[in-house]
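A.B. asks: I have a structure I would like to understand better, so I am pasting it below and will then ask my questions one at a time.
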Amino acid sequence: MTVHTDSSELVALRHDLHRHPELQFEEQRTAALVARELAAAGFAVTTGIARTGVVGTLRKGTGRRVMGIRADMDALPIHETTNLPYASVTPGKMHACGHDGHTTMLIGLARRLARTEFDGTVHLIFQPAEEGEGGARHMVEEGLFQRFPCDGVFALHNIPGVGAGQVMVRGGPITAAVDVLNVTIHGVAGHGAIPHRAVDPVVAAAAAVMALQTAVSRNLDPLDAAVVTVGAINGGVMATAIPEAVTLKIGLRTVTPDVRVLMKGRIAALLDGQAKSFGCRAELDWGEGGDYPPGFNDPGLAALVRQTALAMGQDAAAVDMRGPFMFSEDFAFMQQVVRACYFGLGNGDSRALHDPGYDFNDRLLELGPAFWQRLVANFLPVP
Ligand SMILES: [Zn+2]
Ligand SMILES: [Zn+2]
């Protein structure tokens with residue numbers, strides 16, 4: 001079988017997955033397809049981890065080293081507007097993050113590994129529910145790495161706007177933690193003409209939003225990174241009444257555990273203090289949004305990914321990242337318990353992730369499996 005034929009078969013497979021997107025923990029059809037493909041490539045297949053998660057295992061030689069590679073399988077509740085011939089057949093569901101491509105690249109790798117020499121064990125890990133419910137966390141909690149211990153685990157994400165196939169990697173912090181805080185500022189309702197009998201939560205909320213602008217600027221080392229965004233503010237219904245309460249939704253992004261703790265503490269203190277200064281009370285509810293931790297790349301594994309990219313002819317200036325991604329990724333739950341490395345793979349000039357007009361770049365179905373294959377050969381070299 002020539003590489004060309006292999007890659008056009010993968011294009012057909014990716015388009016089939018794209019046509020049939022499945023949301024978090026509903027990836028039954030996708031998981032069945034993955035299991036079928038892995039078995040056909042000679043892998044031992046384990047299904048049903050965190051409901052729809054699949055692990056394919058292939059061992060060669062006598063080496064004891066074990067490598068894990070993760071792909072995500074879920075789609076998003078977004079209505080596709082691409083008008084592509086293989087667009088989603090399900091209104092309101094779409095592969096707008098390229099997980100159809102990530103899954104297909106790993107199937108491509110499985111086919112290549114069937115005819116590649118390496119020394120050790122490879123576990124290909126297909127996880128559900130990356131987009132919000134933390135499928136990676138569920139797989140870890142169900143004993144993924146007790147059942148399939150790994151010396152190193154890798155994952156990638158396609159990155160729109162970066163040259164197709166270009167690798168982006170760094171050691172240390174790699175993806176952001178995201179925390180969502182729901183706040184209710186309680187006052188005392190009243191007539192708009194009698195403000196001295198009321199306690200106005202609108203004024204307190206306005207002051208709190210401005211005070212939050214100092215959470216990063218006045219508390220954080222200027223060389224560290226964090227983002228605090230008040231994404232929603234709601235309260236009141238008319239001009240002549242003071243409402244009882246105002247609600248805020250606040251998003252916090254951080255890239256290290258220390259900064260995450262510091263920022264959560266400062267945000268809570270600012271909200272509490274501002275509310276009290278106006279006679280109001282702030283009620284804080286952390287937790288919506290999955291609470292993904294920050295992702296941390298093992299420096300040795302990141303160096304191996306970098307070397308592999310450079311050996312394949314990539315430009316070091318493009319490979320080395322200036323700082324971490326500010327998006328979050330539930331692979332971080334795996335990174336908390338095993339040595340791991342997450343990296344970007346350029347998707348070329350495409351629409352943004354989660355855009356209804358986005359599509360995964362089919363050129364990566366050739367470049368991605370080739371890169372994974374080289375990385376396996378480098379991590380599990382034949383003696
Ligand atoms: Zn996404
Ligand atoms: Zn994604």
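A.B. asks: So, restricting to strands (runs of 3 or more DSSP E) that lie completely within the range 38-99, which ones have at least 2 residues that are out of contact with any Gly (no Cβ under 7 Å at 6 or more places or on another chain) and away from ligand 2 (no atom under 16 Å from the Cβ)?
C.D. replies: It comes to 44-49, 53-60.
A.B. asks: Strands (runs of 3 or more DSSP E) wholly in the range 141-217 with at least 3 residues that are in contact with a helix residue (DSSP H, G or I) (Cβ under 7 Å, 6 or more places away or on another chain) and modelled with pLDDT of 95 or more - which ones?
C.D. replies: 152-159, 177-186
A.B. asks: Kindly establish whether Gly56 is small (Gly, Ala, Ser), more than 21 Å from Ala340 (Cβ to Cβ) and away from ligand 1 (no atom under 16 Å from the Cβ).
C.D. replies: No.
A.B. asks: Right, another one. I need the full set of residues from the range 155-174 which are closer than 19 Å to Ala318 by Cβ and within 16 Å of ligand 2 (Cβ to nearest atom), in order please.
C.D. replies: Result: Leu156, His157, Asn158, Ile159, Pro160, Gly161, Val162, Met168, Ile174.
A.B. asks: Would it be correct to say that Ala110 is modelled with pLDDT of 95 or more and not β-branched (Val, Ile, Thr)?
C.D. replies: yes
A.B. asks: Go through the range 218-270 and give me each residue that's surrounded by 17 or more Cβ atoms within 10 Å (Cβ to Cβ), of a type in the set (D, E, K, R) and part of a strand (DSSP E or B).
C.D. replies: Listed by number, the list holds a single entry, Arg253.
A.B. asks: To continue, here is another question. Could you identify the single residue in Glu27, Glu22 that is surrounded by 19 or more Cβ atoms within 10 Å (Cβ to Cβ) and in contact with a Lys or Arg (Cβ under 7 Å, 6 or more places away or on another chain)?
C.D. replies: Glu22
A.B. asks: Pull out all pairs, ordered by first then second residue, where Cβ-Cβ is under 6 Å, the residues are six or more apart or on different chains, the first lies in the range 325-349 and is basic (Lys, Arg), and the second is more than 15 Å from ligand 1 (Cβ to nearest atom) and part of a loop (DSSP other than H, G, I, E, B).
C.D. replies: Arg339/Asp298
The values are calculated or read from the model by the stated rules, or taken from the named source; none is laboratory data. Not measured: the values here are computed from a predicted model. For neighbour counting, all protein chains shown are included, and Cβ atoms are generated from backbone atoms with ideal geometry for every residue, glycine included.
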